[in-house]
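The structure under discussion appears below in the form of structure tokens.
What follows draws every value from the coordinates through simple rules; no lab data is involved. Predicted, not measured: the structure shown is a model, and the values here were computed from it. Here the Cβ is made from the backbone with ideal geometry for all residues, glycine too, and neighbour counts use every protein chain on show.
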2 protein chains.
Amino acid sequence: MSRRAELIAIGSELLGWSRHDTNGSYLARRLGERGIPVCFRTIVGDDPADLRAAFAVALGRAEVIIATGGLGPTVDDLTREAVAGLLDLPLDDDAALLRGIEERFRRHGLTMPPSNRRQAQVPRGAEVLPNSVGTAPGLVLRQGARLVVLLPGVPGEMERMVEEGVLPRLEAADEVLATRVLKIAGLTESETDRRLAEVHAGAGDVEWTILASPGQIEIHLRERVRAGAGPLGIDRLDRAIEAILGEHLFGRDDETIESTIGRLARAAGATAAVAESVTGGGVAARLTSTPGASRWFRGGAVAYSDDAKVALAGVDPGILARDGPVSEPVAAGMALGIRARLGATWGLAATGYAGPEGGGPDRPPGTVVLGLAGPGVTTTRALRLPGPRAIVQQRAVMAALDLLRRGLLGRSA
Amino acid sequence: MSRRAELIAIGSELLGWSRHDTNGSYLARRLGERGIPVCFRTIVGDDPADLRAAFAVALGRAEVIIATGGLGPTVDDLTREAVAGLLDLPLDDDAALLRGIEERFRRHGLTMPPSNRRQAQVPRGAEVLPNSVGTAPGLVLRQGARLVVLLPGVPGEMERMVEEGVLPRLEAADEVLATRVLKIAGLTESETDRRLAEVHAGAGDVEWTILASPGQIEIHLRERVRAGAGPLGIDRLDRAIEAILGEHLFGRDDETIESTIGRLARAAGATAAVAESVTGGGVAARLTSTPGASRWFRGGAVAYSDDAKVALAGVDPGILARDGPVSEPVAAGMALGIRARLGATWGLAATGYAGPEGGGPDRPPGTVVLGLAGPGVTTTRALRLPGPRAIVQQRAVMAALDLLRRGLLGRSA
């Protein structure tokens, strides 16, 4: 049974709405790479009783406890005292540490304020991790099989101490945690779940998390493997999932749908252009977020008004008047028009009602029509997308990008 | 003594390095405004034993417990079962809830997969919070003086439920936390800091946090006030800040630069059109993210290639050849061209190099030229924006939006 870790982030500002615990994210990554899973993350403010409570809980459920913050010189910095009190350890003055801190101030032409003396106090039996960048030293305590590490909250100081002092103390586990993310478009979360129920049931020791964002599903797989060995369980599931989902599976790990499109377009020597209304520029913005987009992305029209659909995307005003702006003929006209106007291999179009306003009883908010025009193919797709305005727009962007991706794969029909 | 809250964020993905618990930040803000301090935040994965442990600890130290995540239809969604098991409550089928979920699928032309049945199970005695946006209902359990609230992890669904179902159940405390966010464009963080040093020093009991995102600075002010009383300290600082920053202060609280532009455009009966290359559709996407944008936003051209600058934005090919695509004449030509083509009151343009590639030694990545054409005014602005590609794009979007805002205010010269 491998060791489990808990991270404790200390600081009242981290309880509020304006700061994220980025130290915890860094620690989770570095521990995961050593095969030590983080099972709990706790955030607690600068309150002595709450701090003690947080450490007491962590000592009851984790073998490696790493806390960040509360080691500074101010009256709010209470981590040292809270842990020493909880573990019933006296705080001793560390003469070498004190000299080091005084020396640091002297080097900057300053005299050490009396409050910094507290940073030279060490719970009896703790090892000191020197701070090469700031004044707050780190502390390592062993409590039976448990390792308690106290680190400063300043990211640069904390990270240096982890790399130099903490990771070397965590003997590399025989096991490490391998991860893979599979990315899926064009299916709902429950539909993905249904299709993969059997594979999921046979996942064995591979942990499986499914995550949905508007228009995209991710499956996160994690597997403990012997250091140096390949993630055989993940590889087996990856193959099984790909066999079932086929082209709904568009990428892995850092790949995005726009980077996939860029890769396919460059491989085919193809270019693309976009005419969009309901997505308001969001499709173009996603396509141009990848470096090198200028090699295959020609440009786009944000045809938000009827005039713009005619003037920029070359839609026939007669069709617009007859079928209305949110219709399959107009979506096809936008795709064909922008393709011709910018001389692109592919023209992609999106029109619709994002809400809160719609286009009458049979075209409520969420009605979206996509169009794609390419070599020998013109296709449209009518969708009813759920959610408020911003979610409809995000879903429509993903659906449009997926349609272009399928066109590039030769599977848009 | 006021009630104390603990937030529990559920999901193995939140333990890792790639996702932040943004739900917790939102909840901390809304609870703080009701005078209920958040004392602990716990993140736990999709493990049944760990989930039960997290709730057991929270029940021992907080009066209000709000958990997000793990209420979906998949086998990973275990919150309902963990809490019911811990509190020894049987799970009952809720017929009305089941009908609602089935109906929701039917409306989108789908049949409910069997896995969604679990979302209609309710721990005995729990109140149901309807989900107007998705399928997972929220649940409220009372345990003596303790309130345990289970919410879905999808931010849009969670927030709606908090506003409609949770906040009304939390009677207001004697003291509440008043907050205000002031939003600033066109100044760096250090310049904002320098101009406001004296006001900041006199902030008294008002907490002051400054937050920078690319192209935008926010000042977050917080003040404890008796329930029903006005935030006098915040009001005083707000007036002092506005007097110093003038039009750099573009909005407060939920206002965005695009909602401000929409308000100014509607008030003036003005319309706007955009031609953008470096921002790739990002300016149009921001403008169209506000409801009702179709009333004043005419459309835009994503003129990513030279051809597109000519074909969509009407730039003179001779100027393009002479001055290059990232130049003041081309920015002005794009603004004038799109304004004329779409018959808009204002034409806004952005061209530049987002990186990693640039346009030679005197036009490195980060070189951006903006153009604005309006009634009796054509102006350009050349900028050198720091940061990698995505940050340059974000800064350029904000700078372009700010130029349009100043045009609408009659202050673009």
Handout entry: Normalised contact order of region A:175-252, rounded percent, pairs of Cα under 8 Å and 6 or more residues apart
Key = 45 percent
Practice task
List every residue whose amide H lies under 5 Å from the amide H of B:GLY35, counting only residues 5 or more places away in sequence or on a different chain, with H placed 1.01 Å from N in the peptide plane.
Solution key: B:LEU177
Exercise for the section: Calculate how many DSSP beta bridges within chain A are antiparallel, expressed in % of all such bridges and rounded to the nearest 5. Expected result: 65 percent
Exercise for the section: Provide a whole-number value for the mean count of partner chain Cβ atoms within 10 Å of the Cβ atoms in peptide A:203-215. Expected result: 3
Handout entry: Footprinting exposure proxy for B:ILE319, A:ILE210 (fewest neighbouring C-beta atoms within 10 Å first)
Key = B:ILE319, A:ILE210
Exercise for the section: Answer rounded, prolate or oblate for region A:246-300, using the Cα gyration tensor with square roots of eigenvalues a ≥ b ≥ c: rounded when a/c is under 1.5, else prolate when a/b is larger than b/c, else oblate. Expected result: oblate
Fill in the blank from the handout: Residues whose modelled amide H sits under 5 Å from the amide H of A:GLN143, counting only those 5 or more places away in sequence or on another chain, are A:VAL148
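Calculated from DSSP H runs of 4 or more alone, at -39500 (n - 2.57) each and per residue, what is the 222 nm mean residue ellipticity of chain B, nearest 500?
Helices in chain B give a 222 nm mean residue ellipticity of -10500 deg cm²/dmol.
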Practice task
Partner chain Cβ atoms within 10 Å, averaged over the residues of A:185-197 - can you pull that number for me?
Solution key: 4
Practice task
Under a cut-off of 28 Å between alpha-carbon atoms, report the lysines in cross-link reach of B:LYS309, not counting same-chain residues fewer than 8 places apart.
Solution key: A:LYS309
Completion exercise
Once normalised by the length of chain B, the mean sequence separation of its alpha carbon contacts under 8 Å that are 6 or more apart gives a contact order in percent of 10 percent
Exercise for the section: Would you mind ranking A:TRP296, B:TRP208 so that the residue whose beta carbon has the fewest other beta carbons within 10 Å leads the list? Expected result: B:TRP208, A:TRP296
Problem - Point-to-point label distance, A:ASP93-B:TRP208, nm (Cα→Cβ direction, 7 Å offset) - result: 3.8 nm
Completion exercise
Karplus-derived 3J(HN,Hα) from phi for region B:299-309 (6.51 cos²θ - 1.76 cosθ + 1.60, θ = phi - 60°), whole Hz, x at Gly and Pro, runs x, x, 10, 9, 8, 6, 10, 4, 3, 5, 5
Handout entry: Copy-to-copy label separations for A:ARG411, where each label sits 7 Å from Cα toward Cβ, in nm and ascending
Key = 5.4
Handout entry: Number of partner chain Cβ atoms within 10 Å, mean per residue of A:41-53
Key = 4
Exercise for the section: Mind giving me the FRET efficiency for B:ARG117 and A:ARG263? R0 is 56 Å, r the Cβ-Cβ distance, nearest 0.05 is fine. Expected result: 0.85
Completion exercise
With label points set 7 Å from each Cα along the Cα-to-Cβ direction at B:GLU328 and A:ASP174, the distance between them in nm comes to 7.2 nm
Handout entry: GNM result for chain A, Cα springs below 10 Å: residue of A:PRO73, A:PRO364, A:PRO291 fluctuating most strongly
Key = A:PRO291
Practice task
Please check which bits of region B:142-179 a label hung off A:ALA49 would reach, taking the label as a point 7 Å along Cα-to-C-beta and the cut-off as backbone N under 11 Å.
Solution key: none
Problem - Calculated from backbone phi, Karplus (6.51, -1.76, 1.60) coupling profile of region B:363-371 in Hz, x at Gly/Pro - result: 10, x, x, x, 6, 9, 10, 9, x
Problem - Within a Gaussian network of chain A (alpha carbon springs, distance under 10 Å), most fluctuating of A:ARG142, A:ARG106, A:ARG298 - result: A:ARG106
Exercise for the section: For region A:150-212, state which GluC sites (Glu not before Pro) are in a DSSP loop and have at most 14 other beta carbons lying within 10 Å of their beta carbon. Expected result: A:GLU171
Problem - Residue-by-residue Karplus 3J(HN,Hα) for region B:151-168, coefficients 6.51, -1.76, 1.60, Hz, glycine and proline x - result: 10, x, x, 6, x, x, 5, 4, 5, 4, 5, 5, 5, 8, x, 8, 4, x
Handout entry: For B:ALA268, inter-copy label distances in nm, listed shortest first [label point 7 Å out on the Cα-Cβ vector]
Key = 4.3
Problem - Label spacing, shortest first and in nm, from B:ASP88 to its equivalents in the remaining copies (7 angstrom along Cα→Cβ) - result: 3.3
Fill in the blank from the handout: The answer for A:THR378, listing residues at least 5 apart or on another chain whose modeled amide H is closer than 5 Å to its amide H, is none
Problem - Global geometry of region A:316-403, whether rounded, prolate or oblate, following the gyration tensor of its Cα atoms and the 1.5 cut on a/c - result: oblate
Problem - Computed E for B:GLN143/B:GLU164 - FRET, C-beta separation, R0 35 angstrom, nearest 0.05 - result: 0.95
Exercise for the section: Take the alpha carbon gyration tensor of region B:175-252, find the square roots of its eigenvalues, order them as a ≥ b ≥ c, and report rounded if a/c is under 1.5; if not, report prolate when a/b exceeds b/c, else oblate. Expected result: prolate
